[in-house]
Amino acid sequence: MITFLTRRLISAVALLLVVSALTFFLMDLLPDPGRGILGVSATDEQLTAKRAELGLDQPVVPRYLDWLWAALRGDLGTSWTTGLDVADSIGTKLPVTLSLTLTATLVCALFGIALGLFAAIRRGMVDRSVHVLAVAGFAIPGLWVGILLVALFAVKLDWLPATGYVPLAESPVDWARSLVLPVATIAVSGIAAIAQQTRNAVATVLERDYVRTLRSRGLPLRRVLLVHVLRNATPPALTVVGLQFIGLLGGALVIEQIFALPGLGSLAIGATSQSDVPTVQGVVLVSVCVVVSVNLVVDLATGVLDPKVGMR
């Protein structure tokens, strides 16, 4: 298991380096950031001075290495447009995005695993109904779901706020209410994917000889499911949960714009439109770190449930 985790850590570090380098070099190909900061009326002398101030008159490779060395020390630089520390800006936005993404992942896991397990056990009409719901979940655009939910629960019934975010420390109840519609919007497809994977995994395990042997000895179905079936069916479902978290993180950056949530999405989009390279680079680095951390947790949990994984 130690060797397995060591390989994963090495892969994670390599991924961070590759993604950070690609982002830095691609951002360098954008139009002159000085023009975006100073405006179209800026003179050539002002643009030259601004480029020198930002260090853009230096070759891209040394600039990337300087940024990387600073990032390793926890310094993500200063925003070119606001003058604020990038790490501080991300620190205030990250809890919003994590609240949305982690809550949506938990909802997807609970409802997806429950539906998949129910379909695998009942079969017949129940199985087909869950399959239809899964296909519908994949097919229905999240934006359309969000519009319907806002029209019904925020506009017509006035039960939930249509936009905005309330910090958890300020009011747990209002925090939960502000997340209901965004979470429901991005969780539909995730529930469908996890339900389908769980159904297939549980159905496969239920057909194995040792399960039939346990049932023939009179063990209750609930005990067989909880102790034996779910342990062997969980690793594939857990992998899908990890993948869904990554997908939900990307979806959250868009959903934040729809529901006016002050998360990483709004920060990244604003920084990109203003060619604010340090902020964009910081958001990408932090997002990749979150994804890598979740993948490591999923790999560790999978290794505990299936010791053979640690041998591969």
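A compact table of results
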{"quantity": "Which numbered condition T92 fails, given (1) over 20 Å from Q244 (Cα atoms); (2) within 19 Å of the chain's Cα centre (by Cα); (3) crowded, with 16+ Cβ neighbours inside 10 Å", "calculated": "(3)"}
{"quantity": "Every residue from the stretch 137-168 that is within 21 Å of L248 (Cβ to Cβ), open to solvent by 40 Å² or more (accessible area, probe 1.4 Å) and either touching a Gly at 6+ places or on another chain (Cβ under 7 Å) or not in a loop (DSSP other than H, G, I, E, B) (or both)", "calculated": "F138, A139, L143, W144, I147, L148, F153"}
{"quantity": "Where a residue in the stretch 206-228 is more than 16 Å from L117 (Cα to Cα) and at pLDDT below 75 and its partner, wherever it lies, is among the small types (G, A, S) and not in a helix (DSSP H, G or I), with Cβ under 9 Å and at least six apart", "calculated": "none"}
{"quantity": "So L115, is it of a type in the set (A, V, I, L, M, F, W, C), under 25 Å from the mean Cα position of the chain (by Cα), within 21 Å of V241 (Cβ to Cβ) and surrounded by fewer than 16 Cβ atoms within 10 Å (Cβ to Cβ)", "calculated": "no"}
{"quantity": "Residue list for the stretch 61-80, restricted to those being of a type in the set (A, V, I, L, M) and part of a helix (DSSP H, G or I)", "calculated": "V61, L65, L68, A70, A71, L72"}
{"quantity": "Filter result for G282 (within 22 Å of W80 (Cβ to Cβ), touching a Pro at 6+ places or on another chain (Cβ under 9 Å) and at pLDDT 85 or above)", "calculated": "no"}
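One line per residue, one yes/no per condition, for (1) assigned to a helix (DSSP H, G or I); (2) small (G, A, S); (3) buried (at least 17 other Cβ atoms within 10 Å of the Cβ):
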site: T213; (1), (2), (3): yes, no, no
site: A233; (1), (2), (3): yes, yes, yes
site: L253; (1), (2), (3): yes, no, yes
site: P278; (1), (2), (3): yes, no, yes
site: Q281; (1), (2), (3): yes, no, yes
site: L285; (1), (2), (3): yes, no, yes
site: V288; (1), (2), (3): yes, no, yes
site: V298; (1), (2), (3): yes, no, yes
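The values are calculated or read from the model by the stated rules, or taken from the named source; none is laboratory data. Computed from a predicted structure; not experimentally measured. Quick reminder, even Gly has a Cβ in these numbers, built from the backbone with ideal geometry, and neighbours come from all protein chains shown. The accessibility values were calculated without ligands, DNA or RNA, using every heavy atom of the protein model including side chains. Shrake-Rupley method; radii C 1.70, N 1.55, O 1.52, S 1.80 Å.
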